Amino acid sequence: MGVGGGHAGRVTGVAGVVLAGVLLVGCGSPDAGSVPAPSSAPVSVPVSTPAPSSNDVLSPAVTRVLPTAWERLAASADRLDPAAGYPRSVDAGKSTWTTKPVDDWTSGFFPGELWLAHTMTRDPAWVARAQRWTDPIAGQVTRTDTHDLGFVVDDSYGAALDQTGRGAEQIVTAARSLATRYSPSVKAIKSWDTEGDDDKRGSWRFPVIIDTVMNLPLLDRAAALPGGDPAWKDIATQHALTASTTNMRPDGSIAHVAVFDPSSGQLVKRDTWQGADPDSTWSRGQGWAIHGFAAQARAAGNPELLAAARKAADWWLAHTAPGARVPSWDFSRPNEERDTSAAAVAASGLLDLAAQTGDARYRQVALETLDELATRDVAPDGPALLAHAVGGKPQDSEVDVGIVYADYYFLEAVGRAS
Ligand code: GLY
């Protein structure tokens, strides 16, 4: 049981169990008090139904969907051409991926899934597929205009490094690029360069979105590689500490965006882009926090970050319930579309937290979540495994779709739970 490997709770295939015929392997921060701490909007927790199982193992429903996952993944990998774009989303009722160029923030997830498939099945056929979808990402590693290099490069090249020993140069270059976005004044990495845009983001001089915590494992990994800079790990830890008091509200819920004054380093306000309201809790953002703080707590051995991860997780546990572990896209909109990606991200983070703390509640909720996803949310036809994800509802973008990162984190979580 538990999380395999030495990097960021990754599934690295150091242990294995056979399930259903499938081999699985297993800052000082700026003054958060300078703005009033908004409380979360009231939430209503759906009526509880009994948990599917109180066992400490993956449910049969989860193990049963894995052959479907591998079949759909292999078909997409072999049929599509990375030069034509990377799988991102599938509209409801459609059977083809909407693809995006390799510079999209989501390009690392598809190769990441292929590496997960290799780890979890031990079928060597996955290596050539995964490498074919990883190689074109090499062109992204010198970018300094994005905070998303962790999603893009660590999920692809990081996994390649774990599994083949190749890719260290790309990882180190990408970390060097990402580190250029760190501000010693704010004590955080700048998420978006949106100042001057003609939407509300145009007034944000230094936005830090909670999503950025997911890009920190790239810095941790690279810091320890030949040619890497140990300071990158300090940057990652400091960023997470800042987010833990600025994006995180006192009750453990997460604000999508913390806006800073880059000169003084002071927090100007909390806001949102993909959530319903500045004071509401965007479900995937809460998931990113659980996953990201847990990963950085482990990488840094930092008790403050472990406490932050627990606080975000405890909020999640208190606002979901057995039978309703897949939340709506924003906790303040309980009757609107559910977001399977948020649930998958949270489940994977909860498993990391369970492994670090020994707190059985986190593992139990993660297993319930995976069971609910496998039972209710598998798309009847491919190419994605899961349906019912929400990309950005306020932008009317990718609402109730299959989405590549829901599948990625579902598989990551299954690997961690095995
Ligand atoms: N920006 C990443 C997300 O949509 O969660």
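Of all residues in segment 330-346, those satisfying the criterion of being assigned to a loop (DSSP other than H, G, I, E, B), within 18 Å of HIS388 (Cβ to Cβ) and either out of contact with any strand residue (DSSP E or B) (no Cβ under 7 Å at 6 or more places or on another chain) or open to solvent by 10 Å² or more (accessible area, probe 1.4 Å) (or both) are PHE331, ARG333, PRO334, ASN335, GLU336, GLU337. Checked against the criterion of being among the β-branched types (Val, Ile, Thr) and either open to solvent by 10 Å² or more (accessible area, probe 1.4 Å) or in contact with a strand residue (DSSP E or B) (Cβ under 7 Å, 6 or more places away or on another chain) (or both), segment 280-303 has at least one qualifying residue.
Say we look at segment 139-150 and pick out the residues that are open to solvent by less than 20 Å² (accessible area, probe 1.4 Å) and in a loop (DSSP other than H, G, I, E, B); which of these is farthest from the ligand (Cβ to nearest atom)?
Ranking the qualifying residues of segment 139-150, first place goes to VAL141.
Comparison of TRP204, TRP192 shows that the only residue that is farther than 16 Å from HIS291 by Cβ and either open to solvent by 10 Å² or more (accessible area, probe 1.4 Å) or at pLDDT below 95 (or both) is TRP192.
Let's see how each residue does on (1) under 24 Å from the mean Cα position of the chain (by Cα); (2) modelled with pLDDT of 95 or more; (3) farther than 20 Å from SER397 by Cα; (4) open to solvent by 60 Å² or more (accessible area, probe 1.4 Å):
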| position | (1), (2), (3), (4) |
| --- | --- |
| SER44 | no, no, yes, yes |
| GLY93 | no, no, no, yes |
| LEU116 | yes, yes, yes, no |
| PRO124 | no, yes, yes, yes |
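The set of residues from segment 102-117 being outside any loop (DSSP other than H, G, I, E, B) and of a type outside the set (A, V, I, L, M, F, W, C) comprises PRO111, GLY112, GLU113. The criterion of being of a type in the set (A, V, I, L, M, F, W, C) and within 16 Å of the ligand (Cβ to nearest atom) holds for VAL153. Residue pairs whose Cβ atoms lie under 7 Å apart, sitting 6 or more positions apart in sequence or on different chains, and linking a residue in segment 391-418 that is outside any helix (DSSP H, G or I) to a partner that is modelled with pLDDT under 95, are ASP400/ALA92; VAL401/ALA92; SER418/VAL17; SER418/LEU19; SER418/LEU24; SER418/VAL25; SER418/GLY26. Checking each residue in segment 220-278 for being open to solvent by 20 Å² or more (accessible area, probe 1.4 Å), of a type in the set (Gly, Ala, Ser) and in contact with a Pro (Cβ under 9 Å, 6 or more places away or on another chain) picks out ALA224, SER264, ALA276. Taking the numbered list (1) of a type in the set (Val, Ile, Thr); (2) farther than 28 Å from ARG298 by Cβ; (3) out of contact with any strand residue (DSSP E or B) (no Cβ under 9 Å at 6 or more places or on another chain); (4) within 15 Å of the ligand (Cβ to nearest atom) in turn, VAL390 passes all entries but (3). For segment 155-162, state whether one or more residues are part of a helix (DSSP H, G or I), in contact with a Leu (Cβ under 6 Å, 6 or more places away or on another chain) and within 18 Å of ALA406 (Cα to Cα). Looking through segment 155-162, none of the residues is part of a helix (DSSP H, G or I), in contact with a Leu (Cβ under 6 Å, 6 or more places away or on another chain) and within 18 Å of ALA406 (Cα to Cα). Scanning segment 66-91 for residues that are within 19 Å of the chain's Cα centre (by Cα) and surrounded by fewer than 18 Cβ atoms within 10 Å (Cβ to Cβ) yields a count of 0. Quick check, is ALA374 under 20 Å from SER253 (Cβ atoms) and either at pLDDT below 95 or surrounded by 22 or more Cβ atoms within 10 Å (Cβ to Cβ) (or both)? It is false that ALA374 is under 20 Å from SER253 (Cβ atoms) and either at pLDDT below 95 or surrounded by 22 or more Cβ atoms within 10 Å (Cβ to Cβ) (or both).
For segment 81-101, the set of residues classified as part of a loop (DSSP other than H, G, I, E, B) and in contact with a Gly (Cβ under 7 Å, 6 or more places away or on another chain) consists of SER95, PRO101, listed by residue number.
Filtered by the rule that a residue be more than 16 Å from the ligand (Cβ to nearest atom) and part of a helix (DSSP H, G or I), segment 201-234 gives GLY202, SER203, LEU219, ASP220, ARG221, ALA222, ALA223, ALA231, TRP232, LYS233, ASP234.
Listed residues ALA289, ALA276, ALA299; which is modelled with pLDDT of 95 or more, within 30 Å of ASP371 (Cα to Cα) and more than 16 Å from the ligand (Cβ to nearest atom)? Please lay out each step first, then the result.
On the way: ALA289 fails: more than 16 Å from the ligand (Cβ to nearest atom); ALA276 fails: more than 16 Å from the ligand (Cβ to nearest atom).
Just one listed residue meets the conditions, ALA299.
Summed over segment 156-182, the residues that are open to solvent by 10 Å² or more (accessible area, probe 1.4 Å) and either modelled with pLDDT under 95 or within 16 Å of the ligand (Cβ to nearest atom) (or both) give a count of 1. For segment 369-390, residues that are aliphatic (A, V, I, L, M) and not in a loop (DSSP other than H, G, I, E, B) total 7.
The values are calculated or read from the model by the stated rules, or taken from the named source; none is laboratory data. Computed from a predicted structure; not experimentally measured. Here the Cβ is made from the backbone with ideal geometry for all residues, glycine too, and neighbour counts use every protein chain on show. Ligands, DNA and RNA are stripped out before the accessible areas are found, and what is left, the full protein with its side chains, is counted by its heavy atoms. Shrake-Rupley method; radii C 1.70, N 1.55, O 1.52, S 1.80 Å.
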